[in-house]
Amino acid sequence: MPAAIPANNEFENANVVSVHETFIACSAQETGALLDRFDEAASPCWPHAAWPRDAFDGPLAVGALGGHGATRYRVVAYRPGREVVFRFESPAGFEGVHGLRIEAGGGGTTVTHFTRLRLSLYHFCMWHCVVRWVHDALIGDLLDGMERHLTGTVARPRRWKRRVHVFRHALGGSRLLMDNIKSIWRNA
């Protein structure tokens, strides 16, 4: 089983597995310190300019509840500077985990985002038709943002697929973006 997937057998029957990785030319300590700021309101990890804020009910710790939009998840494992794992609590029909892992090696650090889900038939269809593309764009922005924050540049920037722009507009992405901008202005 790849290292980016939780090692237990709980999700062996997952019907969605998504793994995103990026290599960042900086130390695991620096990258891990950035991961530990994931829950901050203005976290450099989260791509605030394009996505609704990821917010938690308290500090990043086992038991903390957070999420963005209708997607809610709880921290089920946290190793400061190394890994955080979340279990989905909503929407109904989402059973599984996702998380971020930091691993040193090769003169830098690999950051891995993993998702392993068992979805209802409806959510499985929605994932493959819509959610997957938007999810991939969000995670790409998150990983690029981490690299940019730590190194000042992005070696291989990810680009949104055209369908992501269409989905975001059709699903109210423009409204979410404006709400996010207003929130940032209020907190500035």
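The values are calculated or read from the model by the stated rules, or taken from the named source; none is laboratory data. Quantities reported herein were computed from a predicted structural model and do not represent experimental measurements. Methodologically, a virtual Cβ is constructed for each residue, glycine included, from the backbone with ideal geometry; neighbour enumeration extends over all protein chains shown.
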Checklist entry - Among the residues of the range 57-89, which ones are under 25 Å from Ala28 (Cα atoms) and acidic (Asp, Glu)? => result Glu83
Next on the checklist: Please count how many residues of the range 15-54 are surrounded by 14 or more Cβ atoms within 10 Å (Cβ to Cβ), at pLDDT below 90 and among the small types (Gly, Ala, Ser).
Outcome noted: 2
Item to check | From the options Ile184, Ile139, residue that is hydrophobic (A, V, I, L, M, F, W, C) and either in contact with an Asp or Glu (Cβ under 7 Å, 6 or more places away or on another chain) or modelled with pLDDT of 90 or more (or both) | outcome: Ile139
Item to check | The lone exception for His123 - which of (1) part of a strand (DSSP E or B); (2) touching a Phe, Trp or Tyr at 6+ places or on another chain (Cβ under 7 Å); (3) surrounded by 19 or more Cβ atoms within 10 Å (Cβ to Cβ) it fails | outcome: (1)
Item to check | Test for Asp141: is it buried (at least 19 other Cβ atoms within 10 Å of the Cβ) and either part of a helix (DSSP H, G or I) or touching a strand residue (DSSP E or B) at 6+ places or on another chain (Cβ under 6 Å) (or both) | outcome: yes
Checklist entry - Checking Gly58 against (1) outside any strand (DSSP E or B); (2) among the small types (Gly, Ala, Ser); (3) in contact (Cβ under 8 Å) with a residue 24 or more places away in the chain, which single condition isn't satisfied? => result (3)
Checklist entry - With respect to the numbered conditions (1) more than 16 Å from the chain's Cα centre (by Cα); (2) touching a residue at least 24 places away in the same chain (Cβ under 8 Å); (3) more than 22 Å from Phe23 (Cβ to Cβ), which one is the sole condition not fulfilled by Gly108? => result (3)
